[in-house]
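Let me begin by presenting the structure, written as structure tokens, before commenting on it.
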């Protein structure tokens, strides 16, 4: 469901940004407004980013191979990280460069089409609002009771946080552009247009930085969330089981690796231990369906921890 929701949000954002980019470029050629050029490049960069997210989602569906035995789930994290770089360079730095150029040589809105940028910006706000609404609706399916900030920081599916940040940034950028263009039209002073462009650039750089930090954490490797960790512990310890040591790692947004050391009786036979491990794996998968790779190691529980051992009393696992 999360993957499908992310795809719907990406497609909605892509359709909106392609249409908006065309209109913004048209407005720029008619008026030579730097804010309109910055916004046009911003929408074009966003369109490219959404295509990258779709490519990453498609590549992540490839089956595991001998060279990549855990599959390609992290492709989605890699492409989301590339998105942050594109947003920073193509969007943010270009807008800042344009703002600097306009500050050095300010000029008013040129040509007899002064109303064009205003009409395009108002229309773009409507289109971006629709895209943002779609992203919010799809995010609410998995967000639960989390705040929006916590959802963006803890989500294992990178697409929805990326689209949420992009769309919110796009709406703020449009407001900056509308303010800059409007004040330029009223005063005839192009410095306001340059100021709007500069604000757009700073906004995009900030969003790109936040995206880069979050996706870097996913690339390095994050454990399961608190809820899933508690479910895994409960599944292991139900039916008389005892957990000694537990580690988890997201191999992808919808694929979790679980490695645990569990206590077994000193008198248990090899067959009894194998049945207990099989039953424990079934309980874990039932409790957390994304736990697709599970390694359980049997060990004897010791009451007192010796030096170099973990608090549960068993020698630390690999």
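Each reported figure results from applying straightforward, stated rules to the coordinates on display, with no laboratory input. A quick note: this is a predicted structure, and the numbers were derived from the prediction, not measured. Cβ placement follows ideal geometry from the backbone for every residue including glycine, while neighbour counts extend to all protein chains displayed.
Order these peptides, 56-64, 40-48, 244-252, by their mean beta-carbon neighbour count within 10 angstrom, highest first.
Values: 56-64: 15.1, 40-48: 24.0, 244-252: 19.2.
Order by mean packing, descending: 40-48, 244-252, 56-64.
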Residues in the stretch 153-179 that a label on residue 147 would reach, taking backbone N under 16 Å of a point 7 Å out along Cα→Cβ: 153-155
Here the gain from full extension of residue 297 to residue 234, 0.36 nm per residue of separation minus their alpha-carbon distance, amounts to 21.0 nm
When you count, for each residue, the other Cβ atoms within 10 Å and take the mean per peptide, how do 93-103, 138-148, 8-18 rank with the highest first? 8-18, 93-103, 138-148
If you average the alpha carbon positions of the stretch 235-292 and of the stretch 1-59, how far apart do those two centres end up, in angstrom? 44
Which percent, nearest 5, of DSSP beta bridges in the chain are antiparallel? 50
Can you order the peptides 271-277, 227-233, 168-174 by their average number of other Cβ atoms within 10 Å per residue, highest first? 168-174, 227-233, 271-277
Which value at 222 nm does the chain reach when only helices count, each DSSP H run of 4 or more adding -39,500 (n - 2.57), with the total divided by all residues and rounded to the nearest 500 deg cm²/dmol? -22000 deg cm²/dmol
Final fewest-first order of 163, 125 on the 10 Å Cβ neighbour count is 125, 163
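Taking a ≥ b ≥ c as the square roots of the Cα gyration tensor eigenvalues, with a/c under 1.5 meaning rounded and otherwise prolate when a/b beats b/c, else oblate, which class fits the stretch 1-52? Kindly include the intermediate steps, with their values, before the conclusion.
Working: a/c = 4.35, a/b = 3.13, b/c = 1.39.
Prolate, because a/c is 1.5 or more and a/b exceeds b/c.
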[x] -0.19, -0.55, -1.14; [y] -0.25, -0.65, -1.08; [z] -0.31, -0.66, -0.99: which one is log10 I(q)/I(0) by the Debye sum over Cα atoms at q = 0.06, 0.10, 0.14 Å⁻¹ as calculated from this entry? [z]
Let's test the formula: R0 of 35 Å, r as the Cβ-Cβ distance of residue 216 and residue 104. What FRET efficiency results, to the nearest 0.05? 0.50
